[in-house]
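*Asks:* Could you have a look at this structure, given as structure tokens, before my questions?
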Amino acid sequence: MVYGFSVVMGSGIAAFNAFGRLAPDIATKMGIEPINLVLPLEIASCLGRASSPIAGGILALAGFAKVAPLEIIKRTYPLLLVGMGVNLAVGVGLVA
């Protein structure tokens with residue numbers, strides 16, 4: 001969810017602040033360490049920002065390279081999805 005909202009908003013910080021504050025309470029209720037839930041959320045927000053065509057860094061890079069932001073996203077999206085899969089796998093491994 002954090003990844004998706006980061007893509008839509010173009011900001012990883014906004015999505016993380018919205019959901020990151022809930023994570024320690026949820027982790028405590030689940031009986032796990034809060035860092036094991038918060039860290040994958042933070043990484044997901046960073047990966048989502050890198051996947052967003054409206055993120056400032058992507059727009060600046062697109063302007064410098066004189067290409068459309070979606071062209072950059074098309075090239076990086078598959079690798080970012082792999083990164084998100086690794087993030088989820090590690091997060092599940094930390095919880096288990």
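The values are calculated or read from the model by the stated rules, or taken from the named source; none is laboratory data. The structure presented is a predicted model; accordingly, all values stated were derived computationally and were not measured. Cβ placement follows ideal geometry from the backbone for every residue including glycine, while neighbour counts extend to all protein chains displayed. Please note that ligands, DNA and RNA were not included when accessible areas were found on the heavy atoms of the full protein model with its side chains. Shrake-Rupley method; radii C 1.70, N 1.55, O 1.52, S 1.80 Å.
*Asks:* Just read off the accessible area of M84 with the full protein assembly in place, 1.4 Å probe, to the nearest 10 Å².
*Replies:* The accessible area of M84 comes to roughly 30 Å².
*Asks:* Would you give the gap between the C-alpha center of region 47-96 and the C-alpha center of region 1-37, rounded to a whole Å?
*Replies:* Cα centroid to Cα centroid, the span is 18 Å.
*Asks:* Now a separate question. Hey, got the dipole for the chain? About the Cα centre, +1 on K and R Cβ, -1 on D and E Cβ, debye to the nearest 20? Write out the running numbers ahead of the final one.
*Replies:* Numbers: 6 positive and 4 negative charges, 55 e Å.
About 260 debye.
*Asks:* Another question, if that's okay. Taking region 1-93, which trypsin sites (Lys or Arg not before Pro) meet the DSSP loop condition and have no more than 15 other C-beta atoms within 10 Å?
*Replies:* When the trypsin sites (Lys or Arg not before Pro) of region 1-93 are filtered for loop state and at most 15 Cβ neighbours within 10 Å, R21, K66 remain.
*Asks:* How far, in degrees from 0 to 90, does helix 69-95 lean away from the longest principal axis of the Cα atoms of the chain, to the nearest 10?
*Replies:* Helix 69-95 sits at roughly 10 degrees to that axis.
*Asks:* If you don't mind, there's one more thing I want to ask. Name the residues of region 40-55 whose amide N is less than 15 Å from a point 7 angstrom out from the Cα of A14 along the C-beta direction?
*Replies:* 45-46, 48-55
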